[in-house]
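Right, one structure below, let's go through it.
The values are calculated or read from the model by the stated rules, or taken from the named source; none is laboratory data. Every value quoted in this text rests on a predicted model; they were computed, and no experiment measured them. Positions of Cβ are generated from backbone atoms using ideal geometry, with glycine treated the same way; all protein chains shown enter the neighbour counts. Please note that ligands, DNA and RNA were not included when accessible areas were found on the heavy atoms of the full protein model with its side chains. Shrake-Rupley method; radii C 1.70, N 1.55, O 1.52, S 1.80 Å.
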Amino acid sequence: MFPESDTPFNAALLVMAGLGRGYYGVDYGYFVIGPQLSIPLGFIDPTAGNWTFTAECLYYDFGRTTTAENGQGHSWLVSLKLAVSF
């Protein structure tokens, strides 16, 4: 997003689902949704690699079988990531 700006970033809406009749019974296993934002760290010298900071906040909704196994019907996961590529 905005590649011409001084601080370009990527934004995404992540959507995932865990499905499978054999593993989860007749219900779905989980459904996940949440935003993700990635910002390249351009102030770091490029000879040290391409650095990126990513933050995401995911909401997990668990199906009946998964809820019975883990004891909770939903959960939140917030993660911060620092990555480098060469």
- Take the solvent-accessible surface of the protein heavy atoms, probe 1.4 Å, and return the percent of it on the chain that carbon and sulfur atoms account for. 63 percent
- Would you mind getting me the FRET efficiency between residue 80 and residue 19? Use the beta-carbon distance for r and R0 = 30 Å, nearest 0.05. 0.55
- Can you list the GluC sites (Glu not before Pro) in the chain that are in a DSSP coil and have 16 or fewer other beta carbons within 10 angstrom? 4
- Please list the non-local residues whose amide H lies under 5 Å from the amide H of residue 30, H modeled 1.01 Å from N, same-chain partners needing a gap of 5 or more. 18, 63
- Per residue, accessible area of the chain with a 1.4 Å probe, heavy atoms of protein chains only, in Å², comes to 72 Å²
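Give the residue list of chymotrypsin sites (Phe, Trp or Tyr not before Pro) in region 1-68 that are DSSP loop and have at most 16 other beta-carbon atoms within 10 angstrom.
9, 43
Tell me, what is the percent relative contact order of the chain, built from C-alpha pairs under 8 Å that lie six or more residues apart?
Averaging sequence separation for qualifying contacts and normalising by length gives 25 percent for the chain.
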- After finding the eigenvalues of the alpha carbon gyration tensor for the chain, what semi-axes result from the square roots of 5 times each, listed largest first in whole Å? 36, 12, 11
